[in-house]
1. Would you mind putting 193-201, 266-274 in packing order, based on average other-beta-carbon counts within 10 Å, highest first?
2. With unit charges on the beta carbon (Lys/Arg positive, Asp/Glu negative), name the residue among 241, 176, 268 whose Cα is farthest towards the positive pole of the charge dipole of region 139-286.
3. Rounded to the nearest 20 Debye, what is the dipole magnitude of region 139-286 about its Cα centre when Lys and Arg each give +1 and Asp and Glu each give -1 at the C-beta?
4. In what sequence do 14, 160 fall when counting other Cβ within 10 Å, fewest first?
5. With each pseudo-label sitting 7 Å past Cα toward Cβ, what's the residue 40-residue 148 distance in nm, one decimal?
Amino acid sequence: MAGRAASAAPIIIKKKKVIAGGGHHGGAWKVAYADFVTAMMAFFLLMWLLNATTEDQRKGLADYFNPSIPISKVSGGGSGALNGSSVFTDEQLSRDGTGAVNEYPNSQEVPVNGPENSMDAPLEGKGVDNEIGDAEKSLESVQSEIDAETMTALEGDLAKHIQTRMTPDGLVIELVDADGRPLYNVGSSNPSRTLYDLLEVIAPVLATVSNNMAIVGHTDAHAFSSNANYTNWELSTDRAHAARRMLIKNGIPVSQVVQVTGKADTEPFSDDPYAPQNRRIAITLLTKK
């Protein structure tokens with residue numbers, strides 16, 4: 001009986017459930033995440049550059065990445081887009097492959113009698129430095145020079161007639177009218193004494209650069225006359241031509257003026273279309289590009 005009871009006991013089998021992992025998924029997600037972080041960094045760097053640079057600096061950056069611009073085979077730092085240091089501005093000449101500082105940066109040849117007599121020798125055969133010395137002054141320096149000349153050479157309120165500003169087309173010098181001090185005789189293109197004095201000051205500065213010039217005449221919204229054959233369009237054009245002739249008298253080459261136009265009252269200087277400041281002459285030193 002005891003043996004039969006023992007054989008009737010139930011047999012319990014425990015099955016251990018083993019949960020296996022999904023396996024290794026690889027590192028592809030890390031590459032995608034790194035690309036995303038890199039793209040975000042580039043985006044925020046672009047946003048910072050757009051906010052921290054001027055229009056001229058952005059144009060310089062665009063020109064740097066333009067493959068149509070010839071690049072010198074001699075590499076070095078640049079003093080262009082972001083005003084970085086340049087091997088040429090530091091009077092350092094790089095050599096192909098290695099780069100080094102020339103012992104005598106102001107001349108291609110070492111003086112026979114040594115560096116102590118180099119100041120007595122004529123500066124002939126100059127290389128890169130000669131090209132830099134002959135380079136045109138920037139429009140920013142012309143603007144600063146005009147602003148300085150108007151403050152020192154013009155007396156009283158006469159300096160207020162000159163307004164300068166940089167545009168994508170170049171440096172714009174505007175000679176604006178004022179109450180009691182008109183640039184032209186009323187209703188004519190005959191220049192006043194005020195315009196003569198202004199052009200005598202700025203013309204010598206403009207003559208220091210070879211940039212082409214564009215001259216534009218502007219008027220206010222007052223109707224010139226009832227004559228339909230001579231309106232503000234003709235008046236503004238004649239005044240621009242009068243300014244051109246005065247500039248040429250003051251030393252500006254004839255070939256340097258490439259455009260003379262009149263725009264009547266279509267581009268007012270002031271919010272008030274009848275304000276005297278709208279009667280003006282705009283002289284633009286065009287960029288070489």
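1. Numbers: 193-201: 17.4, 266-274: 12.7.
Per-residue mean Cβ counts within 10 Å order the peptides as 193-201, 266-274.
2. 241
3. Numbers: 11 positive and 19 negative charges, 101 e Å.
Roughly 480 debye for region 139-286.
4. Values: 14 4, 160 13.
Ascending number of Cβ neighbours within 10 Å: 14, 160.
5. Result: 4.9 nm between the two label points.
Here, each number is a calculation from the coordinates, and none is a lab measurement. Quick caveat, the model's predicted, so the values are computed rather than measured. All Cβ positions, glycine included, derive from the backbone under ideal geometry; neighbour counts span all protein chains shown.
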